[in-house]
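The values are calculated or read from the model by the stated rules, or taken from the named source; none is laboratory data. In this text the structure is predicted, and so the values were computed from the model without any measurement. Cβ: placed from backbone, ideal geometry, glycine included. Neighbour counts: every protein chain shown. Heads up: the accessible areas ignore ligands, DNA and RNA and are worked out on the full protein's heavy atoms, side chains in. Shrake-Rupley method; radii C 1.70, N 1.55, O 1.52, S 1.80 Å.
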Amino acid sequence: MDITNAIQTLREGQKPTWPAESDSLEFAQSLDNSDQIQKTFRSEFVVPTKAQLKRKTLNDDDQTAAQASSPEEESIYFCGNSLGLQPKAVGEHLNAYLKTWGSIAVGGHFTQLEDSPITAYQDMAADCARKMAPIVGASPSEVVAMNTLTINLHLMMAAFYKPTAQKHRIMCEWRPFPSDWYAIESQMEWHGLDPKTSILPVQPDDGCLMTTSHICSLIDQHAHELALILLPAIQYYSGQLLDIQTITKHAHSHGITIGWDCAHAAGNVELRLHDWDVDFACWCTYKYMNAGAGAVAGAFVHSRHGDNGSNVGLKGWYGHEKATRFLMDNKFVPTKGAQGFQCSNPSVVDLTCLSGALSVFEKTEMRRLRDKALMLTAYAELLLAGVAERNQVGGRDPFEIITPRDARWRGTQLSVLLQDELMDSVSEGLVEGGVVCDKRKPGIIRVAPVPLYNTFEDVWRFMRVLEGGLRVEARTP
């Protein structure tokens, strides 16, 4: 198979031609071993074994539990859209932090040890911003590592949501993640507005999907009352990737500020936040960036806004420029760029984890990871079609994929909607088979093969487990 041609075909929105032997372990392994595609960084991550997934105590035999003598003993981890696997570099970075803290103590704020992978504490947020910038398509000065996703959404809306009697509505998606909904709702209540009348949800107009034309049409209809648009770069439930560039340009044609929740997009798909003229964006780093549960989040503020030094919204000590921060004179001088939006002294432990996780991304680039992701999801889609055909009940497929079939408009996720009666047995089968993937009611299994650490063999093995669960259900009286 010509993988380079297949990737280009997917980038053009078409389906590649698969060979007859595609549904075989040997073919999956041949894709993993191909020089035409990004090789896995799996060895740089801690991949749980099936035995470890059942762990009840920290005091078991780690040496035994951690060793998987064959791929069959490793778990199949397709849950990077909820929590990425642990990069081994995170432990190395944390050890460096503990040694720094334990030796030079407060001096760690201003001193970097010669052989340390981490910078001086006060420079760590900027260093993480530098590492994240190419992942989201921005300059380092437009990126900041701070807080968590919901807090950053609040900070961005404090700066950019300026409702008036006429223009007070915020456009959001039909099924927003609670972080977005609660932030929008409470911001409106803070301004004395009624969310029931001031929120404008975009309803799907194609199954579970929101088309670009529909979104732009709504902007046209409500431009006179929209104060802000806040949409997901990737909708978490369906896995749909929105056309950020087109929608942003259309919003700006009406003079409307637009921000993007990139929680499911950062580290997943290619982003060009600066070139697309996005006003602001927020994301978490514990999903595709693998920085650990509840890790410090990221935010983008376009240089049009961040360099003027006047629109930081809520002020804080770490938003003050570094050169005079420790004068303690209470005369706020904002740092130019996104880092002027900082409030609190950031957690060095969190930044250390993020720095370690981002060090893996420095060994590749988003375009290469995207190429592999396109192939992984296309291969999964192909095999899922075979599983569905072989397990029809009464002429009906046991599931459907609600994620866009055009690979250009999805990330590293396929959302599989099961028939209602199948969810329990399939879920049990996946757990028993050592598969970790996200399940969302009603009936959705979100399958996310992450190109950094997942393989085509993982995809092939997943299908065997899934099909086993479907056949158990078929045999149930």
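Overview of values
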| read-out | value |
| --- | --- |
| Hits in segment 254-264 (condition: at negative phi and surrounded by fewer than 24 Cβ atoms within 10 Å (Cβ to Cβ)) | H254, I256, T257 |
| Matching residues, segment 74-122, being farther than 20 Å from A295 by Cβ and surrounded by fewer than 13 Cβ atoms within 10 Å (Cβ to Cβ) | G102, S103, A105, V106, F110, E114, D115 |
| Conditions (1) more than 24 Å from K439 (Cβ to Cβ); (2) of a type outside the set (A, V, I, L, M, F, W, C); (3) at pLDDT below 95; number of the one not met by T197 | (3) |
| Residues that are open to solvent by less than 50 Å² (accessible area, probe 1.4 Å) and either among the polar types (S, T, N, Q) or out of contact with any helix residue (DSSP H, G or I) (no Cβ under 6 Å at 6 or more places or on another chain) (or both), drawn from segment 23-40 | S24, F27, S34, Q38 |
| Cβ pairs under 6 Å, 6+ apart, first in segment 154-169 and free of Cβ contacts under 8 Å to residues at least 60 places away in the same chain, second surrounded by fewer than 20 Cβ atoms within 10 Å (Cβ to Cβ) and not small (G, A, S) | H168/L193; R169/L200; R169/E225 |
| Residues located in segment 177-202, provided they are assigned to a loop (DSSP other than H, G, I, E, B) and either closer than 20 Å to I256 by Cα or of a type in the set (G, A, S) (or both) | H191, G192, L193 |
| Members of segment 1-22 found to be loosely packed, with under 13 Cβ neighbours inside 10 Å and more than 18 Å from G386 (Cβ to Cβ), listed by number | D2, T4, N5, E12, G13 |
| Near pairs, Cβ below 7 angstrom, 6+ apart or cross-chain, from segment 117-133 (closer than 11 Å to L354 by Cβ and touching a residue at least 24 places away in the same chain (Cβ under 8 Å)) to any residue that is hydroxyl-bearing (S, T, Y) and outside any helix (DSSP H, G or I) | D127/T119 |
| Selection within segment 335-367 - in a helix (DSSP H, G or I), open to solvent by 10 Å² or more (accessible area, probe 1.4 Å) and not aromatic (F, W, Y) | Q339, V348, V349, D350, C353, S359, M366, R367 |
| Failed condition for R370, given (1) part of a loop (DSSP other than H, G, I, E, B); (2) modelled with pLDDT of 95 or more; (3) open to solvent by 10 Å² or more (accessible area, probe 1.4 Å) | (1) |
| Selection within segment 25-60 - in a helix (DSSP H, G or I), closer than 18 Å to A373 by Cβ and under 25 Å from the mean Cα position of the chain (by Cα) | L31, D32, R42, E44 |
